[in-house]
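Quick notes on the structure that follows.
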Amino acid sequence: MAAPQLPLSRRSFVVASTGAALALGLAAPARATGRTRFGRYGSPSRRLTEQTLYVDAAGTGDFTSVQAAVTAVSGTGFTLVVAPGVYRETVAVTATRTELTLIGASENPRDVVIVHDNAAGTPKPGGGTYGTTGSATTLVQAAGFTARWITFANDWLRADHPDIAGTQAVAIKVQGDRSAFHHCRFLGHQDTLYADSMSREAYARQYFAHCYVEGDVDFVFGRATAVYERCHFRTLDRTDLAGTPYGFVLAPSTVGTNPRGYLVTDSRVTSEAPAAAYKLARPWVPSSDTTARPMLTVRDTHLGPGIDAVAPYTNMSDTYPWQSQRFAEYRNTGPGARILVAENRPQLTATEAESATREAYLGDWTPWRGRWC
């Protein structure tokens with residue numbers, strides 16, 4: 001896989017948040033023609049279909065916020081075309097808004113950023129705190145959701161809030177079945193990408209292709225059946241810890257009866273942190289479902305030196321050791337993939353690997369096919 005240009009760091013984005021448009025390489029939000037702002041996707045005066053809506057913070061669209069456009073959707077199969085800009089808001093796509101598509105008009109995910117800054121421990125205006133789910137900048141519960149060329153971010157920082165213990169800060173929580181993300185970025189620190197389902201009984205299928213995800217603690221987590229294909233996972237450096245591990249890339253919480261959990265394939269893991277500072281994964285067995293058996297397969301993926309090759313897995317709770325879960329690897333490369341202690345790196349056989357594919361995980365749903373995939 002050809003190495004794409006390194007995406008703009010979320011940390012750089014946060015530091016320059018007062019001049020966010022400049023930091024993201026955006027033009028000043030001056031008004032422009034609708035055709036220019038929405039690229040090849042039409043404009044309010046040249047609407048592609050009756051179910052195409054246009055969002056532009058600069059005012060050339062139907063709406064100036066993403067949530068306003070989502071709220072206006074009154075049925076299934078709508079497309080929201082989003083002009084370049086930084087959209088500081090929270091967005092909720094409820095279950096009734098099925099088959100919704102979000103498109104970044106410039107076809108560059110750096111240009112369209114949906115960002116907010118709640119953490120689990122952030123006080124709510126009416127009392128209490130947001131909790132992990134409530135911290136999400138974007139929440140997707142509808143089936144058939146698709147996003148292309150969008151950045152989903154949470155720019156809450158521990159250093160700015162030493163009084164808050166609940167440091168989970170979700171960029172996006174996805175619960176709907178058949179949710180697909182192409183060429184998207186997910187920026188955060190702890191719990192960046194929450195790939196989940198609506199309930200233990202719902203085996204939500206999700207697909208992430210050519211995406212970039214960064215963070216530190218459990219920054220890809222949840223119980224969805226999720227395929228990450230040709231994605232780039234990047235671990236962040238930390239100055240607030242005296243020792244390692246700095247964090248964990250993946251923390252699946254697959255329901256015990258679900259035969260398919262997380263599959264990472266043809267991807268890469270890089271790091272800003274020192275060598276061996278990160279674990280590849282740890283299993284999450286939530287208190288709400290102690291029968292969970294987290295499942296993760298990482299195959300044909302380059303693991304950089306930031307991953308601890310001696311002990312790439314660890315426990316979240318000693319009650320549920322990772323060795324009792326469903327963790328496996330196959331044909332990985334790179335310094336973080338070296339098999340130095342065989343019992344710490346369970347490997348699939350060639351026969352077992354035949355069922356560790358996107359087709360096997362996603363069944364009759366083929367989100368890698370289509371005009372913009």
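The values are calculated or read from the model by the stated rules, or taken from the named source; none is laboratory data. Remember, it's a predicted structure, so these values are computed and weren't measured experimentally. Positions of Cβ are generated from backbone atoms using ideal geometry, with glycine treated the same way; all protein chains shown enter the neighbour counts. Surface accessibility is based on the protein's heavy atoms, side chains included, excluding ligands, DNA and RNA. Shrake-Rupley method; radii C 1.70, N 1.55, O 1.52, S 1.80 Å.
General remarks:
- Entry note, the chain: relative contact order of 9 percent, from Cα contacts under 8 Å with a spacing of 6+ residues.
- Largest GNM mean-square fluctuation among Leu236, Leu187, Leu48, using the chain with Cα springs under 10 Å: Leu48.
- Chain lengthening between His161 and Ser317 when straightened (0.36 nm per residue, less Cα-Cα): 53.5 nm
- Theoretical gain in end-to-end length, Thr351 to Ala202 [0.36 nm per residue, Cα-Cα removed]: 50.8 nm
- Per-peptide packing, taken as the mean over residues of other Cβ atoms within 10 Å, places 266-272, 363-369, 114-120 in the sequence 114-120, 266-272, 363-369 from highest down.
- Placing +1 on each Lys and Arg Cβ and -1 on each Asp and Glu Cβ, with no other charges, gives the range 274-324 a dipole about its Cα centre of roughly 40 debye.
- Under a 5 Å amide H cut-off, with hydrogens placed 1.01 Å from N, Ala92 pairs with Leu139 among residues at least 5 apart or on other chains.
- Enclosing the Cα atoms of the range 227-289 in their convex hull gives a volume equal to 100 cubic angstrom per residue.
- The range 193-333 has equivalent-ellipsoid semi-axes of 23, 17, 13 Å, by the square roots of 5 times the alpha carbon gyration tensor eigenvalues, sorted largest first.
- Each listed q (0.16 Å⁻¹) maps to a log10 I(q)/I(0) for the range 46-199 from the Debye sum over equal C-alpha point scatterers, namely -0.84.
- Diffusion coefficient (Stokes-Einstein, Kirkwood radius over C-alpha pairs, 4 °C, 1.567 mPa s) for the range 43-127: 94 µm²/s, rounded to a whole number.
- The mean sequence separation of alpha-carbon pairs under 8 Å and at least six residues apart, normalised by the residue count of the range 169-229, gives a relative contact order of 39 percent.
- Taking the accessible area of the range 200-268, probe 1.4 Å, and keeping the other protein chains in place, the carbon and sulfur fraction comes to 45%.
- Of Gln175, Gln141, Gln206, the one that fluctuates the most in a GNM where the chain has Cα springs shorter than 10 Å: Gln141
- Rg and Dmax [Cα atoms of the chain; Å; Rg one decimal, Dmax integer]: 20.0, 63
- Computed from phi, the 3J(HN,Hα) profile of the range 352-359 under the Karplus parametrisation 6.51, -1.76, 1.60 (θ = phi - 60°) reads 5, 5, 5, 9, 9, 9, 4, 5 Hz, with x in place of Gly and Pro.
- Length gained on full extension, Trp368 to Glu50: 111.9 nm, using 0.36 nm per residue less the C-alpha separation.
- Calculated FRET value between Thr290 and Leu340, using beta carbons and R₀ = 25 Å, to 0.05: 0.20
- Annotation: amide H-H contacts under 5 Å for Glu99 (H modelled 1.01 Å from N, sequence separation of 5 or more, or interchain): Gly77, Ala143, Gly144, Phe145.
- For the pair the range 308-373 and the range 192-259, the centres of their Cα atoms are 13 angstrom apart.
- Here's the picture: charge each Lys and Arg Cβ at +1 and each Asp and Glu Cβ at -1 in the chain, and of Thr133, Thr94, Met295 the one pushed furthest to the positive end of that dipole is Thr94.
- Rg [Å, one decimal], Dmax [Å, integer] - the range 148-251, C-alpha atoms: 14.0, 41
- Value of [θ]222 nm, deg cm²/dmol, for the chain, DSSP H segments ≥ 4, -39500 (n - 2.57) each, nearest 500: -1500 deg cm²/dmol
- Averaged per residue, the range 214-373 has 40 square angstrom of accessible surface, using a 1.4 angstrom probe with ligands and nucleic acids left out.
- Comparing Tyr194, Tyr130, Tyr54 in a Gaussian network model of the chain, where Cα atoms under 10 Å apart are tied by springs, the biggest mean-square fluctuation is seen for Tyr130.
- Label-zone membership for the range 66-98, site Arg40, 7 angstrom Cα→C-beta point, backbone N under 18 Å: 80-84
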